[in-house]
């Protein structure tokens, strides 16, 4: 069977399961006695093993198989979880993540071998020890474990067990069901349909037995029906309702298994399961007592999950567009201009609503990015021998998918900086009267047409004077220039390429090294980044990003005879200023406006449309006041055209990096207008 058709499903599902594994491992590290966390990791490892076996990715299947063996010992209380096992499981996670990424990019597994990691897992199983280098310990009396290599999402390891375990599960409130699924005659891909059915069943309970065996199901070597022995806490009605959501099923027969034989020897187990399913069954699930939990769904880079109500709204708006189109086609020229104006106004309302609806469809929560940081913080704290707490809030805040995909790297760098150079060592913190645990706050929240993301630490803070002194020592500034700078301007020196105040630059980060990259990446997204810091108390990096990069509201202006677009979310107000009120301050034109000093930027000169020596003698200037964070500046334009909704188009690689230009848009008459990026003008 050609498995390439399932590759995208495999990648998406594997990433979701790995995200769940990562989250649960972090929780298990904080509460090592929680058996439910162990059961969840076991379930995830088992699912990945099944999927990878089906797809033929043996290295992933082998590693997850060894993980299962260790986790089985933990669940049966033969060994206890400790930091050594946690570290090995994290190593397994890293290896699995690396393999899945390689498979996504190359459609094959990497050549990297996991021999050392597999051997560590096998050693734990062999000695039933949770410490490195320990010899064998006294073993408990347990059932014999017989491992049989199989493949497929539906396969389960063959563990000899007793009917007593089933009986105990029933006493704990579980129901055992025999389910016969008959697929429709029209079903073309029986294996794929069975794959979906088994996934759905695993979300509500555990598949204990199956007939036919895994290989036959994968090869579609069965007629139209297969049977499973199923254990769940859900009712029969709930199980039937679950099947209602799956298509191409002709019939579902569910029979409760109420009669279980008395305790028997393990040699009789196969006879018992034959009796229950009335067929020879080769696969027996080991986890009889733990109920599976649905995995937490995370977003992937190629897909966006959309609320059905948003799609319905989108469909309704498209329907209205068709109505307007029909109205305009049937428009009688004798009806007059008024009728056409009404139709155009109606069309404008619909297109605006359509824009908002499409924006919402493209929106994904920033949780998609935030989810990767707890593990990163955990590893950094361990490497640096620091105690760090990561507090996240606002994960439900939504932004455009393209923005989310691009913001991860800047946030990683800022968080690493905060942990490495911001937060002090535990002993030093206690000496200063602080808690030994440093705190990094990562929060997101909407602000108008922007999304704000803050990275806040309670560390040592950044000394502006130290930054200024370093700039002078490097010859970047003179002492006289530094004297006239504000603390905010000194802090912004950190964004200069290669600028660093770190005494020792580590492999992890250097305060300032790479912050120019952070700034340029955020600027390329149409956003801005600001620094707030108090020496001894901590630092705050504030990132402001537009909600979307696709369609924006803009103010169209004239510079000479050319049209330019200014993003509306950057504009605070429009005013006129008399030329005589403008004065010079440190080679910068400024004006006193609303009791504040407002820098004046002449757009024609910035865009090299005119030489400063050719400046016209105009008594009154049209000024568009734009903002970047807490800063403001006045842009001088020739005249205003009005507000317009524009689609942002890239200038392409040949015109990349033009100062102050973010892209272009196509006008109604077919002409092109350049889009100004006000953030680059500050």
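Would you point out the residue of region 356-398, among those that are in contact (Cβ under 8 Å) with a residue 60 or more places away in the chain, part of a helix (DSSP H, G or I) and under 17 Å from the mean Cα position of the chain (by Cα), that is nearest to residue 15 (Cα to Cα)? Filtering first and then ranking leaves 368. For region 432-449, a residue qualifies if it is within 22 Å of residue 630 (Cα to Cα) and touching a helix residue (DSSP H, G or I) at 6+ places or on another chain (Cβ under 6 Å), and exactly one does: 449.
When the test is whether a residue is closer than 29 Å to residue 36 by Cβ, touching a strand residue (DSSP E or B) at 6+ places or on another chain (Cβ under 7 Å), in a helix (DSSP H, G or I) and modelled with pLDDT of 85 or more, residue 166 does not pass it.
For region 193-219, a residue qualifies if it is assigned to a loop (DSSP other than H, G, I, E, B) and surrounded by 15 or more Cβ atoms within 10 Å (Cβ to Cβ), and the qualifying residues are 204, 212, 213. The test for being touching a residue at least 12 places away in the same chain (Cβ under 8 Å), loosely packed, with under 15 Cβ neighbours inside 10 Å, more than 15 Å from residue 20 (Cα to Cα) and more than 27 Å from the chain's Cα centre (by Cα) does not hold for residue 110. In the set (1) closer than 20 Å to residue 521 by Cβ; (2) modelled with pLDDT of 90 or more; (3) touching a helix residue (DSSP H, G or I) at 6+ places or on another chain (Cβ under 8 Å), residue 454 fails one condition alone, (3).
If you go through region 483-504 and pick out every residue that is closer than 22 Å to residue 529 by Cα and at pLDDT 80 or above, you end up with 11. Comparison of 413, 421 shows that the only residue that is within 29 Å of residue 546 (Cα to Cα), assigned to a helix (DSSP H, G or I) and either in contact with a helix residue (DSSP H, G or I) (Cβ under 7 Å, 6 or more places away or on another chain) or assigned by TED's automatic domain parsing to the domain that holds residue 517 (or both) is 413.
Which one is surrounded by the fewest Cβ atoms within 10 Å (Cβ to Cβ) among residues in region 9-54 that are touching a residue at least 24 places away in the same chain (Cβ under 8 Å) and not in a helix (DSSP H, G or I)? Selected residue: 33. Here is a check on your reading of the model: is residue 415 free of Cβ contacts under 8 Å to residues at least 60 places away in the same chain, within 21 Å of residue 93 (Cβ to Cβ) and buried (at least 17 other Cβ atoms within 10 Å of the Cβ)? Judged against the criteria, residue 415 is a match. Residue count for region 424-466 satisfying the condition of being part of a strand (DSSP E or B) and under 26 Å from the mean Cα position of the chain (by Cα): 18. Note on region 544-593: residues that are out of contact with any strand residue (DSSP E or B) (no Cβ under 8 Å at 6 or more places or on another chain), without any contact (Cβ under 8 Å) to a residue 24 or more places away in the chain and either surrounded by 15 or more Cβ atoms within 10 Å (Cβ to Cβ) or under 27 Å from residue 481 (Cα atoms) (or both) total 1.
In this structure, residue 11 qualifies as touching a helix residue (DSSP H, G or I) at 6+ places or on another chain (Cβ under 8 Å) and farther than 15 Å from residue 93 by Cβ. Does residue 606 qualify as being more than 23 Å from residue 355 (Cβ to Cβ), touching a strand residue (DSSP E or B) at 6+ places or on another chain (Cβ under 7 Å) and not assigned by TED's automatic domain parsing to the domain that holds residue 359? Here the answer is no, as residue 606 does not meet what is asked.
Can you name every residue in region 340-392 that is at pLDDT 85 or above and more than 28 Å from residue 441 (Cβ to Cβ)? None - no residue of region 340-392 is at pLDDT 85 or above and more than 28 Å from residue 441 (Cβ to Cβ), so the list stays empty. Taking the conditions exactly as written (within 37 Å of the chain's Cα centre (by Cα), surrounded by 12 or more Cβ atoms within 10 Å (Cβ to Cβ), more than 28 Å from residue 11 (Cβ to Cβ) and at pLDDT below 85), does residue 130 satisfy them or not? Yes; evaluated as a whole, the condition is true for this residue.
For region 663-679, the tally of residues that are out of contact with any helix residue (DSSP H, G or I) (no Cβ under 8 Å at 6 or more places or on another chain) and surrounded by 11 or more Cβ atoms within 10 Å (Cβ to Cβ) stands at 9.
One residue is enough: does region 86-96 have a residue meeting the conditions within 22 Å of residue 11 (Cβ to Cβ), at pLDDT below 85 and out of contact with any strand residue (DSSP E or B) (no Cβ under 7 Å at 6 or more places or on another chain)? Scanning region 86-96, I find no residue that is within 22 Å of residue 11 (Cβ to Cβ), at pLDDT below 85 and out of contact with any strand residue (DSSP E or B) (no Cβ under 7 Å at 6 or more places or on another chain), so the answer is no. The residues listed here are 528, 539; of these, the one that is in contact with a helix residue (DSSP H, G or I) (Cβ under 7 Å, 6 or more places away or on another chain), at pLDDT below 90, under 30 Å from residue 496 (Cα atoms) and assigned by TED's automatic domain parsing to the domain that holds residue 422 is 528.
The values are calculated or read from the model by the stated rules, or taken from the named source; none is laboratory data. These numbers come from a predicted model, not from an experiment. With ideal geometry, Cβ positions are generated from the backbone for all residues, glycine too; neighbour counts draw on all protein chains shown.
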